[in-house]
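Undergrad: Have a look at this one before I ask anything.
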Amino acid sequence: MKILVVDDEQDVRTLFEQRFRREIRSGQFTFSFAYSGEEALEYLHAHASEVVLILSDINMPGMSGLELLRHIREEYPAPPPPQVMMITAYGDQASHDQALRLGADDFLTKPVDFAALKAKLAAMETHEN
């Protein structure tokens, strides 16, 4: 499963590569990283058919994760559209509601519970096959 992680914090790459070391090594998951909404859209324009899941932070400078989500849902409506999980450091209901209205498939809070995320990804893989 190809996953695009979008977060303006550079250390997110190291964190995901450490937490998913075994799954990356086995080829179960492949991660790509973008450090802004704009960079994520550029990546998607070049690799849209490969990406199955997008994990995006909501609060980023420039294009927010919510704006990115809106672009994704407008530009990639064809089935199967990529799944989008939004990540936020704030558990505020307004962002959660807006993300769901814009078409988010799921919602995670920081710090990310990697055990829960792995369970969600395993369920997605089972549903795909």
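Bear in mind that the values in this text are calculations on the coordinates, not laboratory data. Keep in mind that what you see is a predicted model, and the values were worked out from it rather than measured. In this analysis, Cβ positions are derived from the backbone assuming ideal geometry, glycine residues included, and neighbour counts consider all displayed protein chains.
Undergrad: Using only DSSP helix segments of four residues or longer, with each worth -39500 (n - 2.57), what per-residue ellipticity at 222 nm results for the chain after dividing by its residue count and rounding to 500?
TA: After summing the helix terms and dividing by residue count, I get -13500 deg cm²/dmol.
Undergrad: Please arrange Val12, Val6, Val84 by counting, for each residue, the other beta carbons lying within 10 Å of its beta carbon, fewest first.
TA: By the 10 Å Cβ count, ascending: Val12, Val84, Val6.
Undergrad: Could I ask something else about it? How big is the Kirkwood radius of the chain, worked out from every pair of different alpha carbons and given in Å to one decimal?
TA: One decimal place: 14.7 Å for the Kirkwood radius.
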